[in-house]
Amino acid sequence: GAVVSQHPSRVICKSGTSVKIECRSLDFQATTMFWYRQFPKQSLMLMATSNEGSKATYEQGVEKDKFLINHASLTLSTLTVASAHPEDSSFYICSAPGSPYGYTFGSGTRLTVV
Amino acid sequence: AQSVAQPEDQVNVAEGNPLTVKCTYSVSGNPYLFWYVQYPNRGLQFLLKYITGDNLVKGSYGFEAEFNKSQTSFHLKKPSALVSDSALYFCAVRDGRGYQKVTFGIGTKLQVIP
């Protein structure tokens, strides 16, 4: 079945540095990738939708300059957390439509900013 | 706007007993409904979906869900719970008209007691 590979699974970085998270679709082409953020004991919050070959669409309240999304090809979408701060620490998950109606999720990235 | 409600933060059930995790939804058009399971520090895994057809949907790991249009519900069920079923369960909905983003419930923690 459709698989989305997300890396890294865990990352610890110093405050002020940037972190890149990659999501690759394996065995299928993902023209769209959804990026979610999940806080402890809370649901998934959609941050943005990336589309191959065009600018990402950000949800209200999400800083475009902080969360940089690039959809370079039909199999790769990246999320860069620019100048990360402790409040950016969270669990980030990507998702792509992997079937006509279902969605395939990456395994998630636990970001800790110290 | 579409929304999902999972009224229970946690459900406890004894191993071998039937389990139910509740979900109600609100959407303008025809609903596409999903259940996902999440294990600690992992992405979401697809369990089942309702698009159209039979109201009773069977999914992975022995889970099933019943679509009830009049009650706008999509409760997740399993006849006999396993300890390994202990995890966080998310209900999700999207509007069936065109390609739309998915809205998730807040999640219900299922604890199966040996």
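The values are calculated or read from the model by the stated rules, or taken from the named source; none is laboratory data. What you see is a predicted model; the values in this text were computed from it and never measured. No Cβ is skipped: glycine too gets one built from the backbone with ideal geometry, and neighbour counts run over all protein chains shown. Accessible surface is based on the protein model in full, side chains and every heavy atom, while ligands, DNA and RNA are left aside. Shrake-Rupley method; radii C 1.70, N 1.55, O 1.52, S 1.80 Å.
What to note about this one:
Per-residue answers, yes or no, for (1) of a type in the set (S, T, N, Q); (2) away from every other protein chain (no Cβ under 14 Å):
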residue	(1), (2)
B:Q2	yes, no
B:P18	no, yes
B:K49	no, no
B:T52	yes, no
B:A81	no, yes
B:S86	yes, yes
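Conditions tested, residue by residue: (1) under 21 Å from A:S43 (Cα atoms); (2) of a type outside the set (A, V, I, L, M); (3) open to solvent by less than 70 Å² (accessible area, probe 1.4 Å); (4) within 11 Å of the chain's Cα centre (by Cα).
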{"residue": "A:H71", "(1), (2), (3), (4)": "no, yes, yes, yes"}
{"residue": "A:L74", "(1), (2), (3), (4)": "no, no, yes, no"}
{"residue": "A:D88", "(1), (2), (3), (4)": "yes, yes, yes, no"}
{"residue": "A:G108", "(1), (2), (3), (4)": "yes, yes, yes, yes"}
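Each row is one residue, and each column tells you yes or no for (1) more than 20 Å from A:A82 (Cβ to Cβ); (2) at pLDDT below 95; (3) of a type in the set (G, A, S).
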{"residue": "A:T17", "(1), (2), (3)": "no, no, no"}
{"residue": "A:I21", "(1), (2), (3)": "no, no, no"}
{"residue": "A:L26", "(1), (2), (3)": "yes, yes, no"}
{"residue": "A:Q29", "(1), (2), (3)": "yes, yes, no"}
{"residue": "A:T32", "(1), (2), (3)": "yes, yes, no"}
{"residue": "A:M45", "(1), (2), (3)": "no, yes, no"}
{"residue": "A:G53", "(1), (2), (3)": "yes, yes, yes"}
{"residue": "A:A56", "(1), (2), (3)": "no, yes, yes"}
{"residue": "A:Q60", "(1), (2), (3)": "no, yes, no"}
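- Of the residues making up the stretch B:88-114, just one is under 16 Å from B:L48 (Cβ atoms) and more than 13 Å from chain A (Cβ to nearest Cβ), namely B:L110.
- No other residue among A:E63, A:E52 is loosely packed, with under 15 Cβ neighbours inside 10 Å and among the acidic types (D, E) apart from A:E63.
- Test: B:A1 is aliphatic (A, V, I, L, M) and open to solvent by 60 Å² or more (accessible area, probe 1.4 Å): yes
- Among all residues of the stretch B:15-38, there is at least one that is in contact with a helix residue (DSSP H, G or I) (Cβ under 7 Å, 6 or more places away or on another chain) and surrounded by fewer than 16 Cβ atoms within 10 Å (Cβ to Cβ).
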